[in-house]
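Okay, so here's the structure we're looking at.
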Amino acid sequence: QYTGKPSKQEWSFYRKEVRPGETTNSGHLIHSYRDIIRQNAQVYRLEEALVKAVIKVESNYNPQSLSNKGAQGLMQLIPETARLMKVSDPFDPAENIRGGSNYLRLMLDQFNGNLDLALAAYNAGPNAVQRHGGIPPYTETREYVQRVRRYLDQYRRSGDTLL
């Protein structure tokens, strides 16, 4: 059973509830995901629908998401990428979306705007894309690119209604 107010001494922390307008442990003001996505899409010259699609596929909008490979938060930043993007708390939605958007922009720039290659690099790493001369022959990465593309099309058609 999950609760915001444990009644017993034996309990374990599951997820801190954070509301728009509150500040996080790192002092960031919480806005809606829509606002955070919009702001970072503008800063990093990304389509909002693309950022939404990556978040949807990476974490299904769960800011506490943790993969078995150690990827964390909404945009599933691995610790090394989080450090490179100067993200100190990958579970902070604002920091995670900033870092993930920045990294996505770097991948797009590195692969000359080729979205499929940038998404493959976001998923498998840019070295894997370069080593294979394109999308690596990993089932996970190939399915990842297809899934992001499907959500990208949906978000382009529906705007904000699918968050």
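The values are calculated or read from the model by the stated rules, or taken from the named source; none is laboratory data. This one's a predicted model, so the numbers in the text were calculated from it and none came from an experiment. Because the Cβ atoms are built from the backbone with ideal geometry, glycine has one as well, and the counts that use them run over all protein chains shown. Just so you know, the surface numbers come from the protein's heavy atoms only, side chains and all, with ligands and any DNA or RNA stripped out. Shrake-Rupley method; radii C 1.70, N 1.55, O 1.52, S 1.80 Å.
Determine which member of the set Ile37, Ile55 is modelled with pLDDT of 95 or more and under 17 Å from Tyr144 (Cα atoms).
Ile55
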State which residue pairs qualify: first residue in contact (Cβ under 8 Å) with a residue 60 or more places away in the chain and open to solvent by less than 90 Å² (accessible area, probe 1.4 Å) and inside region 132-157, second residue among the basic types (Lys, Arg) and part of a helix (DSSP H, G or I) in any location, beta carbons under 6 Å apart, and separation of 6 or more residues or different chains. Tyr151/Lys56; Tyr155/Lys52
For residues in region 29-61 being buried (at least 16 other Cβ atoms within 10 Å of the Cβ) and aromatic (Phe, Trp, Tyr), which is farthest from Tyr122 (Cα to Cα)? Tyr33
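Working only within region 133-148, note down all residues that are in a helix (DSSP H, G or I), more than 15 Å from the chain's Cα centre (by Cα) and under 25 Å from Glu48 (Cα atoms).
Just the residues of region 133-148 that are in a helix (DSSP H, G or I), to begin with: 139-148.
Adding the requirement that they be more than 15 Å from the chain's Cα centre (by Cα) leaves 139-143, 146.
If the condition is that a residue be in a helix (DSSP H, G or I), more than 15 Å from the chain's Cα centre (by Cα) and under 25 Å from Glu48 (Cα atoms), then Glu140, Thr141, Arg142, Glu143, Gln146 are the ones that fit.
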Name every residue in region 67-91 that is in contact with a helix residue (DSSP H, G or I) (Cβ under 9 Å, 6 or more places away or on another chain) and either in contact (Cβ under 8 Å) with a residue 60 or more places away in the chain or closer than 23 Å to Glu143 by Cα (or both), in order of residue number. Ser67, Gly70, Ala71, Gln72, Gly73, Leu74, Met75, Gln76, Leu77, Thr81, Ser88, Asp89
Please work out if Arg105 is within 19 Å of Arg38 (Cα to Cα) and open to solvent by 20 Å² or more (accessible area, probe 1.4 Å). yes
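For region 65-74, check the following and say yes or no: at least one residue is closer than 21 Å to Tyr155 by Cβ, surrounded by fewer than 21 Cβ atoms within 10 Å (Cβ to Cβ) and modelled with pLDDT of 95 or more.
Yes, because at least one residue in region 65-74 is closer than 21 Å to Tyr155 by Cβ, surrounded by fewer than 21 Cβ atoms within 10 Å (Cβ to Cβ) and modelled with pLDDT of 95 or more.
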